[in-house]
Every structure is written in C-alpha cells, then in structure tokens.
Amino acid sequence: MFDNRYKAFLADTDFSKKIHYKLRHQVYCLEKGFEDASLSEGDWETDEFDDQAVHFIVQDQLTSEWIATLRIVLPEEQVLPITKLVNSGLSFDIESNSQIVAEISRVSILSKHRHSKAFVSDHSYPEILFGLIRAAKEYSDSKGINKWLFLCRRSLKKIAARGGMEMMEIGMPVNHRGARYPYLVDLHESFSGVERVSPGAYGLLNKGETLLRYSEHHPA
C-alpha cells in the first residue's frame, strides 16, 4: 500500500518547489517531450500559473528519491489554465459557479515508477496517483474547494476509474500535445464509487489526516 513505501508532501518551501519543478522537467521535457527543454529555466519546468498554484511531491521512502508531482492551480479572477485552451463549449460554467473551482495539472510520475508494480498495486489501483489525489483532496477540503477541473488524455480518466474516481467529460477535446479532454471532478460525488470499485483505494483515501508539509519534516 502507498503509505508503506511513499510519502506525499505539500511543497511549501522554495527548495521543495524546486524539487517539484525538476521532476516536471524530467517527465514533461525529457521523458515525454511535452515541453521544449530548451525553453526551460535550467532543469526546471515552470509556467505562468505556478504563482497561483500549490504544489505536491512524492518521495520513495526506500530510496529517498523524489518521484512524482501534482499541482492545484487556484482560481485567480476565474482564470485557470483550461480557460486559455478551451475558449467555449464547456458544459460547466466556471465564472457563474458559486463553488470554489480549482484545476489539477502537472501530474507527473517518473517513468520507472509509472511502469513498476508499485504504480498499480496488488489491489489493481494506481497507488502513486491516488496518493497524490489524496494529498490534493485533503488540501482542497481544508480550503473549501468543491470541484476540480482537468485537461488531460483519456488514459488518465481510465486509470482513475480503476480506483473508482469518476471524471465527467464536460466539453470537446482540444489539440494540446495531442488530444486533451476537459473533465470535472466533484469532490463530494466523484469518489462515491471508490469503496465498491477498489477497497484498497478507499482505504487509502479515507485514512484520516495524512497531509505532510515539507517544511515540517525537512527543516532548513
């Protein structure tokens, strides 16, 4: 299970954010070629939305290696990355919605861990991904964030569904590093099927307060 080997941290220091950006560079620029490495600042991958985001990182406790990232982009005057790419046609109105909506992006896992048995555990759910989801969900719950938006490949939806997490398609695909689909996750409703689909994922997501802050566990 995730907690036997990994820990997810809120990257709340400059140093831990650099770890996050370096992992993104490794996955998005070098492994997958989604971003042009020559445009990166050294070995970091960043964009204009990082200033309005909170960042998460996962560490393998067996090797002390940092292996995965996720970020939550917080709404700033209703501007989120998805609004730059999907100009119209969403069945969900971000601007008029009274609930707090954030966007999940930069979900990255180092290649050797994406293809390892640890990525899909004995319970057949992607435990590294769900460890990140748990951290993001716990943070979101604490801040009153009700809904998440994703712009991603359908493969991520399929992987999430293996753990019982429902992602609702809310618009037509856009061409952004290949076909990307807009999805909505309701933090109150989209996890209702987890217990039935994957008891392992349900146990992971409902373990209680598990969110760790980098600053508290790695003091300067």
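The values are calculated or read from the model by the stated rules, or taken from the named source; none is laboratory data. Quick caveat: nothing in here was measured; it's all calculated off a predicted structure. For neighbour counting, all protein chains shown are included, and Cβ atoms are generated from backbone atoms with ideal geometry for every residue, glycine included.
Per the conditions (1) under 30 Å from Leu90 (Cβ atoms); (2) touching a Leu at 6+ places or on another chain (Cβ under 8 Å), the sole criterion not satisfied by Arg213 is (1).
Within region 55-95, restricting attention to residues that are among the aromatic types (Phe, Trp, Tyr) and in contact with a helix residue (DSSP H, G or I) (Cβ under 7 Å, 6 or more places away or on another chain), the residue that is surrounded by the fewest Cβ atoms within 10 Å (Cβ to Cβ) is Trp66. Kindly indicate which of Leu149, Leu184, Leu132 is modelled with pLDDT of 95 or more, within 23 Å of Val27 (Cβ to Cβ) and outside any helix (DSSP H, G or I). Checking each option against the conditions leaves just Leu149.
When Gly208 is tested against the conditions (1) buried (at least 17 other Cβ atoms within 10 Å of the Cβ); (2) closer than 23 Å to Val58 by Cβ, the lone failure is (1).
Within region 59-87, residues that are more than 18 Å from Asn146 (Cβ to Cβ) sit with their Cβ atoms under 6 Å from residues that are in a loop (DSSP other than H, G, I, E, B), at 6+ positions apart or across chains, in these pairs: Ile67/Leu110; Pro81/Phe49; Leu85/His176; Val86/Gly171. Selection within region 155-177: residues that are closer than 21 Å to Asp93 by Cβ and outside any loop (DSSP other than H, G, I, E, B). The member of this set that is modelled with the lowest pLDDT is Val174. With respect to the conditions (1) in contact with a strand residue (DSSP E or B) (Cβ under 9 Å, 6 or more places away or on another chain); (2) surrounded by fewer than 18 Cβ atoms within 10 Å (Cβ to Cβ); (3) closer than 18 Å to Met1 by Cα, Ala201 lacks only one, and its number is (2). Entry remark, region 131-155: residues being under 10 Å from Ile104 (Cβ atoms) and touching a strand residue (DSSP E or B) at 6+ places or on another chain (Cβ under 7 Å) number 8 in total. The residue list Ser190, Ser140 contains one member that is assigned to a helix (DSSP H, G or I) and modelled with pLDDT of 95 or more, which is Ser140.
For beta carbons closer than 9 Å, sequence separation of 6+ or different chains, a first residue in region 202-220 that is without any contact (Cβ under 8 Å) to a residue 12 or more places away in the chain and assigned to a loop (DSSP other than H, G, I, E, B) and a second that is among the aliphatic types (A, V, I, L, M) and surrounded by 11 or more Cβ atoms within 10 Å (Cβ to Cβ), the qualifying pairs are Asn206/Val194. Close contacts from region 1-14, counting a first residue that is closer than 15 Å to Arg71 by Cβ and a second that is hydroxyl-bearing (Ser, Thr, Tyr) and part of a loop (DSSP other than H, G, I, E, B), with Cβ to Cβ under 8 Å and a gap of 6+ residues or different chains, come to Ala8/Thr210.
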